[in-house]
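Notes follow once the structure below has been shown.
The values are calculated or read from the model by the stated rules, or taken from the named source; none is laboratory data. Only a predicted model underlies this, so the values are computations on that prediction, with no experimental measurement involved. Every residue, glycine as well, gets a Cβ built from its backbone with ideal geometry; the counts of neighbours run over all protein chains shown. Ligands, DNA and RNA are stripped out before the accessible areas are found, and what is left, the full protein with its side chains, is counted by its heavy atoms. Shrake-Rupley method; radii C 1.70, N 1.55, O 1.52, S 1.80 Å.
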Amino acid sequence: MRIRFGYVSHALSLYEATPAKTMTFARYQKLDPDTQVQELERITERNLQNTIRNLHFNVAHELPLYRFSSSIAPLATHDEVPWDYITPFQSLYEEIGSIVRRHRLRTSFHPNQFTLFTSDKPHVTANAVKDLEYHYAMLQAMDLHEESHINIHVGGAYGDKEKAVARFHENLKQLPEPIKKQLTLENDDKTYTTTETLEVCEKEAIPMMFDYHHYMANHTEEESLETLLPRFFKTWDHMPVPPKIHISSPKNEKEYRSHAGSVDLDFIRPLLKELKSQGEPVDFMIEAKDKDHAVLKLIEDIAGIRGAKRVAGGEIEY
DNA sequence: ACGCGTCAAGTACTC
DNA sequence: GAGTACTTGACGCGT
């Protein structure tokens with residue numbers, strides 16, 4: 001089995017490299033109207049430049065996976081802040097796309113928890129569509145809109161999961177088809193278990209994003225890795241990329257669902273064992289507080305397991 | 001330099 | 001119905 005690795009948005013080793021510098025609406029309103037858009041543009045340009053710096057970090061460390069920040073363009077989907085977050089930065093978006101293609105990186109977006117399709121309130125669904133259109137527009141500007149995935153959760157339960165899932169399928173029709181093609185759906189740590197998420201994925205032909213930490217926090221006795229993983233793999237059949245798994249470990253017993261700074265090798269051992277027996281290549285997106293530090297450490301830890309061998313900076317054969 | 005409250009958005013829970 | 005927690009990083013403000 002081959003495992004490739006990556007981290008979320010910001011390599012902390014780099015000096016002042018956040019790709020998520022932001023501006024709140026409250027702050028925006030306090031600005032002189034003449035400088036409002038100028039300020040948004042200044043922040044966005046910096047976020048795109050920092051995205052490029054982070055991609056160079058990936059290339060130098062041979063880490064094939066990278067998740068773009070969702071906060072590249074502040075207030076991009078805010079009703080009262082209509083501004084063009086694409087055209088002024090076209091060449092920066094293109095540069096990002098060309099780095100990604102040249103080095104065969106695998107990139108993605110992960111919009112926040114407000115982007116969901118289970119709500120019974122029409123404006124919530126409308127906002128979800130708008131938010132996904134924002135992410136997709138950036139991918140288009142990078143010319144990565146046919147390869148990069150946008151990952152979201154199923155959503156809320158509202159006291160009746162069956163009805164909520166029915167609404168998910170209904171509301172999802174409002175999402176333009178090209179955007180829907182780039183979606184992945186992730187099992188969450190409180191509401192939708194892996195099986196429930198798989199059912200939605202299978203119905204919609206959407207690949208599933210398996211989060212192992214969420215699985216550990218939210219699964220039933222019937223849900224064994226042994227039975228779930230083949231079904232999870234199947235949602236990625238006919239995809240040009242391997243199934244992707246989110247990896248993190250609990251902060252502590254009491255705050256089990258919170259992410260720890262690094263990834264505890266013992267916590268993910270059962271997953272590694274099961275993946276090894278499946279034998280298929282997989283990609284690991286590491287979601288630890290220490291970001292790049294945690295990835296590089298985990299790679300060394302896994303490479304230290306008997307039978308495992310590092311074949312690149314961010315790639316292990318096991 | 002450092003700590004603390006705030007932030008556009010939603011849901012779940014308590015009262 | 002109103003209020004708070006959840007949860008993330010970044011930011012502005014007060015000290």
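Test of understanding: among A:S258, A:S262, which residue is of a type in the set (S, T, Y), within 20 Å of the chain's Cα centre (by Cα) and closer than 24 Å to A:L14 by Cα? Just one listed residue meets the conditions, A:S262. Of the helices (runs of 4 or more DSSP H) lying entirely inside segment A:110-227, those containing at least 2 residues that are within 25 Å of A:R269 (Cβ to Cβ) and not charged (D, E, K, R) are A:194-204, A:212-217.
Selection of first residues in segment A:1-13 that are at positive phi and within 9 Å of DNA strand C (Cβ to nearest atom) and of second residues that are hydrophobic (A, V, I, L, M, F, W, C) and assigned to a loop (DSSP other than H, G, I, E, B), restricted to Cβ pairs under 9 Å at least 6 apart or on distinct chains, gives the following pairs, ordered by first then second residue: A:S9/A:A20; A:S9/A:F68. Among the residues that make up segment A:158-169, is at least one of them at pLDDT 95 or above and closer than 30 Å to A:E95 by Cα? No.
Taking the condition free of Cβ contacts under 8 Å to residues at least 40 places away in the same chain and within 14 Å of DNA strand B (Cβ to nearest atom), does A:R46 pass? It is false that A:R46 is free of Cβ contacts under 8 Å to residues at least 40 places away in the same chain and within 14 Å of DNA strand B (Cβ to nearest atom). Of the residues A:V81, A:V100, the single one that is more than 16 Å from DNA strand B (Cβ to nearest atom) and either assigned to a strand (DSSP E or B) or out of contact with any Phe, Trp or Tyr (no Cβ under 6 Å at 6 or more places or on another chain) (or both) is A:V100. From the set of residues in segment A:10-29 that are open to solvent by less than 50 Å² (accessible area, probe 1.4 Å) and more than 14 Å from DNA strand B (Cβ to nearest atom), which is nearest to A:V81 (Cα to Cα)? Restricting to residues being open to solvent by less than 50 Å² (accessible area, probe 1.4 Å) and more than 14 Å from DNA strand B (Cβ to nearest atom), the top hit is A:P19. If you go through segment A:259-291 and keep only what is open to solvent by 30 Å² or more (accessible area, probe 1.4 Å), in a helix (DSSP H, G or I) and within 24 Å of A:A312 (Cβ to Cβ), you end up with A:R269, A:K273, A:E274, A:K276, A:S277, A:Q278, A:K291. Summed over segment A:116-128, residues that are in contact with a helix residue (DSSP H, G or I) (Cβ under 8 Å, 6 or more places away or on another chain) and either closer than 15 Å to A:P176 by Cβ or away from DNA strand C (no atom under 16 Å from the Cβ) (or both) total 3. Being modelled with pLDDT of 95 or more, surrounded by fewer than 22 Cβ atoms within 10 Å (Cβ to Cβ) and under 14 Å from A:K180 (Cα atoms): is that true of A:E146 here? Spelling it out, A:E146 is indeed modelled with pLDDT of 95 or more, surrounded by fewer than 22 Cβ atoms within 10 Å (Cβ to Cβ) and under 14 Å from A:K180 (Cα atoms). Taken together, the residues in segment A:215-228 that are open to solvent by 20 Å² or more (accessible area, probe 1.4 Å), in contact (Cβ under 8 Å) with a residue 12 or more places away in the chain and not hydrophobic (A, V, I, L, M, F, W, C) amount to 5. Taken together, the residues in segment A:156-177 that are in contact with an Asp or Glu (Cβ under 9 Å, 6 or more places away or on another chain) and within 16 Å of DNA strand C (Cβ to nearest atom) amount to 1.
The residues in segment A:18-63 that are closer than 25 Å to A:K297 by Cβ, touching a Ser or Thr at 6+ places or on another chain (Cβ under 9 Å) and part of a loop (DSSP other than H, G, I, E, B) can be counted, and the count is 3.
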